[in-house]
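The values are calculated or read from the model by the stated rules, or taken from the named source; none is laboratory data. Since the structure is predicted, the reported quantities are computational estimates derived from the model, not experimental observations. Positions of Cβ are generated from backbone atoms using ideal geometry, with glycine treated the same way; all protein chains shown enter the neighbour counts. SASA here: full protein model, heavy atoms, side chains in, ligands and nucleic acids out. Shrake-Rupley method; radii C 1.70, N 1.55, O 1.52, S 1.80 Å.
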Amino acid sequence: MLEVWPVCAPHARARILKRDATVARAMPGIRAVLLAEDVPGLNDVGAVRHDEILLADREISFHGQLVALVVGETQEACRAAAAQVVVEYEPLAPVLTIPEAIAQNSFHTEANFIRRGDCVGGLNTAPKTIEGEFAFGGQEHFYLEMQAAWAEPGEDGSMFVMSSTQHPSEVQHIVAHLLHVPVNHVVVQSPRMGGGFGGKETQAAIFAALAALAAAKTQRPVRVRVNRDLDMMLTGKRHPFLAKFKVGFDSDGHLLAAKVELFSNGGWSLDLSMPVTDRAVFHLDNAYYIPHVEFSGRVAKTNVASNTAFRGFGGPQGMLVIEEIIDRIARQLGLPPEVVRERNLYRGTGETNTTHYGQEIDEVVVGQAPPPVTRPASAPACSPAGGGACETKTGEGASPTTLPMAHNRIQRVWRELKVSSAFDQRRAEIAEWNSQQPHRKRGLAMTPVKFGISFTLTHLNQAGALVLIYQDGTVQVNHGGTEMGQGINTNMAMIAARELGIAVDAVRVMPTSTDKVPNTSATAASCGTDLNGMAVKNACEALRARLVPVAAKLFSQKLKREVAAEEIVFRDGLVHAKNAADTFKFSEVVTQAYFQRISLSSTGYYRTPEIHYDRAAGRGKPFHYFSVGAAVSEVEVDGFTGMTRVLRTDILHDVGDSINTGINRGQIEGGFVQGLGWLTAEELVWDQDGKLLTHSPDTYKIPAIGDTPREFNVAFLANATQRNTIFGSKAVGEPPLMLAISVREAIRDAVAAFGAGQRVVNLASPATGEAIFRAIRAVKGQARRA
């Protein structure tokens with residue numbers, strides 16, 4: 001394959017005066033130097049709005065923007081030639097921060113509002129109010145496999161692209177319009193990725209487009225692979241946010257009214273910044289009921305790389321804002337923050353169980369009681385047959401147990417975790433410990449999470465699958481989700497195996513490909529298993545329905561009696577008839593079906609029911625359900641350095657009925673630690689010219705094993721079957737990340753202990769050692785002045 005190397009702009013904002021690739025094109029081993037005019041179609045890779053030019057020709061909008069692509073036999077030759085590409089610039093003053101964007105009225109969008117009640121009246125009549133601002137930083141995805149793609153031209157102008165992407169169909173569309181070919185001329189395949197976290201939802205298209213463009217121009221296979229420095233320079237991050245707020249409350253800490261304005265730093269192009277900011281507005285309540293609200297979100301336009309999707313997709317930013325507000329209220333009132341949090345949790349009845357956009361939390365269909373779920377006592381309560389070990393059981397030798405489906409699970413999670421973590425006892429023990437330690441303090445905090453599961457853009461909530469059965473009884477599963485380490489392919493294999501009654505080892509999940517399952521949505525929004533699992537189930541149901549008559553006929557012939565279709569059961573790789581000792585192998589039934597010319601392949605499809613949202617009105621049911629959890633974290637802070645150790649974390653999370661317990665545990669632990677990194681260590685820094693200074697592991701700190709909690713207890717909510725989901729399970733990809741807010745709040749609790757009862761703790765985010773040290777100095781100064 002040919003290799004490439006980009007020519008990147010050294011300015012955050014500039015006019016391009018001249019581009020000359022004459023010398024570079026003549027160098028040994030160089031096959032092409034591509035400029036904007038070499039794009040046969042639309043020179044744009046924007047995901048939502050066509051505002052993201054691939055190869056710049058007139059202006060530069062962020063430091064590192066692509067101007068040219070050198071294509072050659074080796075990467076070394078390409079790098080040497082790239083240095084000979086002449087580009088002259090006229091530098092212009094960049095806009096880099098949200099305050100600068102506000103001052104210059106530089107925005108991608110107008111403000112989007114969600115309102116409930118009378119916010120102005122509520123603020124005016126509230127016994128107490130606070131107002132202020134809170135700014136916090138973004139986060140680098142730091143997937144282990146950097147952005148990568150390769151492309152190979154085919155017959156009739158077709159193009160095959162192998163891409164490390166979370167959204168193969170979007171890459172397909174972008175490559176098609178870039179090359180000016182029909183979409184059916186482009187096939188995109190995504191093998192297992194080395195991580196994504198949202199960073200490969202839209203921005204993988206940039207690198208796939210470069211590979212496809214180079215392959216089309218040279219008529220050779222071309223691969224694009226970037227090193228860590230280039231990856232961090234060229235790609236967007238989690239959005240930094242600025243919040244401006246005014247909140248009304250009473251002397252007991254009950255929230256009465258809140259006006260919150262959110263501003264996200266979208267970077268130079270829109271990308272997914274609008275839905276990210278919308279989701280932040282959706283999650284400004286976190287798990288708290290607020291009677292009167294006016295929430296808004298707006299995307300600032302700046303001269304940094306275009307910020308993009310990141311695990312939680314705006315939800316973490318919205319939740320962090322309300323948790324900051326809750327803590328400020330608690331300390332102003334002299335109340336423990338966990339008390340104020342508990343008093344404001346959604347109540348589970350009527351208006352107090354309704355979000356600010358009008359959705360009931362874990363609502364049940366009107367006029368119907370929650371359907372009971374009955375299992376035999378020996379069956380795991382959170383795992384399907386063959387799904388591995390389970391955290392909770394109904395009890396050895398007990399009679400069958402009926403497990404009612406809960407409405408609002410927030411209160412239940414909070415109560416159970418408070419007891420299991422011995423929160424009240426430890427609160428007293430920490431206070432005693434702190435009284436004996438002048439230079440070190442410990443802090444304890446408990447925070448909830450309520451996260452909506454679904455794409456907020458309704459039409460994305462659909463999925464397809466293609467399942468093939470071969471004559472030997474083995475199965476291939478094709479689905480629209482992409483595997484990035486989160487375990488979706490394992491889940492799909494388990495779902496297919498359960499539906500067909502065969503061993504998981506008999507199922508092979510294929511790489512995701514647009515010529516097998518078309519028009520896929522991104523693997524994002526935590527609903528990869530929800531959507532694709534239902535589609536795979538649908539396809540398997542169709543196949544099983546075709547095999548049942550074949551099996552019934554075989555049994556009728558063998559048993560010398562009429563065997564009805566209702567008697568046929570697929571289990572353990574065998575086909576059974578009720579009340580009969582004889583069985584057939586699954587492969588025997590499949591072979592008979594083949595001989596009878598019965599199709600052994602089927603597509604499957606699913607669309608999420610009962611969801612809708614009117615963005616202009618700020619009303620609807622954007623989420624299929626809510627994932628809830630809570631965490632208790634204990635930290636120890638050194639007063640001389642600000643360095644912190646996480647001593648213990650207890651998590652209780654609602655995963656419904658686990659499809660795979662190990663996957664869920666891994667997602668919870670990994671998500672928590674990634675959130676911990678965002679909130680405590682991962683600090684992004686740019687210089688005054690818009691150059692990213694934290695561009696590699698030597699300047700950007702992700703969590704290491706030593707940063708994880710020394711004692712890490714993770715439990716799943718028992719008896720938690722979820723209505724209308726795949727096997728009663730719940731999504732678990734994104735929600736655990738927000739549980740790490742408990743660590744930040746525990747750090748604040750420890751910092752407060754240095755101040756002898758002072759009430760204000762201004763803690764930056766991320767709460768790095770330096771930020772914590774500054775906060776400690778501030779509270780000590782306040783204590784001295786008091």
Accessible-area value, Arg665, 1.4 Å probe, nucleic acids and ligands omitted, Å² = 70 Å²
Quick calc: nm separation of the 7 Å Cα→Cβ label points for Ser251 and Arg607 -> 5.6 nm
In percent, what relative contact order does the stretch 89-235 have, based on Cα pairs under 8 Å that are 6 or more apart in sequence?
-> 26 percent
Using just the helices of the chain, give the 222 nm mean residue ellipticity in deg cm²/dmol: DSSP H runs with n ≥ 4 each add -39,500 (n - 2.57), and the total is spread over all residues, rounded to 500.
-> -9000 deg cm²/dmol
Where the only charges are on Cβ atoms (+1 Lys, Arg; -1 Asp, Glu), what is the dipole of the chain about its Cα centre, to the nearest 20 debye?
-> 1020 debye
Expressed to two decimals, the stretch 233-371 has a Cα Rg over Rh, using the Kirkwood radius, of 1.04
When the convex hull of the C-alpha atoms of the stretch 97-155 is computed, what volume per residue in Å³ does it have?
-> 270 Å³
Value in Å of the Kirkwood radius, where the stretch 704-786 supplies the Cα pairs that are averaged | 15.8 Å
In Å, descending, principal axis extents of the Cα set of the chain = 95, 79, 47
Hull-based mean projected area of the stretch 297-368, where the convex hull spans the alpha carbons, in square nanometres | 7.9 nm²
Under the Karplus curve 6.51 cos²θ - 1.76 cosθ + 1.60, θ = phi - 60°, whole-Hz ³J(HN,Hα) for the stretch 316-328, x wherever Gly or Pro sits = x, 5, x, 5, 4, 5, 5, 5, 4, 5, 4, 5, 4
Amide hydrogen neighbours beyond the local backbone of Ala68, cut-off 5 Å, H modeled = Val7
Note, ³J(HN,Hα) from phi for the stretch 642-657, Karplus 6.51, -1.76, 1.60, rounded to Hz, x at Gly and Pro | x, 6, 10, 10, 8, 7, 7, 9, 10, 10, 10, 10, 8, 10, x, 9
If amide H atoms are modeled at 1.01 Å from N in the peptide plane, then the residues at a separation of 5 or more from Phe107, or on another chain, having amide H under 5 Å from its own are Lys301
When only C-alpha pairs under 8 Å and at least 6 residues apart count, what is the relative contact order of the chain, in percent?
-> 14 percent
For peptides 185-197, 295-307, sequence by mean Cβ density within 10 Å, most packed first | 295-307, 185-197
Total formal charge among the other residues, if their Cβ is under 13 angstrom from that of Lys730, Lys/Arg +1 and Asp/Glu -1 | -2
Using DSSP to define loop residues, name the chymotrypsin sites (Phe, Trp or Tyr not before Pro) in the stretch 634-735 whose beta-carbon has at most 10 other beta-carbon atoms within 10 Å.
-> Phe640
Distance between Cα centroids, the stretch 187-238 to the stretch 96-164: provide it in whole Å.
-> 21 Å
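Go ahead and run the numbers for FRET between Arg192 and Glu562, Cβ-Cβ distance against an R0 of 60 Å, rounding to 0.05.
0.80
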Exposure of Met159 as accessible area (Å², to 10), given a probe of 1.4 Å and all protein chains = 10 Å²
For the pair His439 and Leu693, the simple spin-label estimate (label points 7 Å beyond Cα toward Cβ) gives in nm 3.0 nm
If one puts a single equal scatterer on every Cα of the stretch 615-747 and applies the Debye formula without solvent, what log₁₀ I(q)/I(0) results at q = 0.09, 0.11, 0.22 Å⁻¹?
-> -0.36, -0.52, -1.21
Apply 1/(1 + (r/R0)^6) to the Cβ-Cβ distance of Val339 and Thr458, taking R0 = 51 Å, and write down the FRET efficiency to the nearest 0.05.
-> 0.85
Quick one: divide the alpha-carbon radius of gyration of the stretch 678-724 by 2.2 N^0.38 Å and tell me what you get.
-> 1.97
Using only the alpha carbons of the stretch 188-263, determine the length spanned along each of the three principal axes and report them from longest to shortest in whole angstroms.
-> 71, 23, 22
Which ³J(HN,Hα) values, rounded to whole Hz and listed in residue order, are derived for the stretch 74-90 from phi using the Karplus coefficients 6.51, -1.76 and 1.60 in 6.51 cos²θ - 1.76 cosθ + 1.60 with θ = phi - 60°, glycine and proline given as x?
-> 9, 5, 5, 5, 5, 5, 5, 5, 4, 5, 9, 6, 8, 9, 10, 10, 10
Non-local amide H neighbours of Val95 (under 5 Å, H modeled in plane, Pro and chain starts lacking H): which ones?
-> Asn303
State the Cα centre-to-centre distance between the stretch 462-493 and the stretch 712-770 in whole Å.
-> 34 Å
Label-point separation, Glu770 to Glu110 (7 Å along Cα→Cβ), nm | 4.1 nm
Taking a threshold of 20 Å on the Cα-Cα distance, which of the pairs Lys553/Lys585; Lys537/Lys730; Lys701/Lys730; Lys200/Lys237; Lys128/Lys259 fall above it?
-> Lys701/Lys730
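Got a number for carbon plus sulfur as a percent of the stretch 186-232's accessible area, 1.4 Å probe?
In the stretch 186-232, the share of accessible area belonging to carbon and sulfur is 46 percent.
Counting pairs of alpha carbon atoms under 8 Å apart in space and at least six apart in sequence, what relative contact order in percent does the stretch 683-786 give?
17 percent
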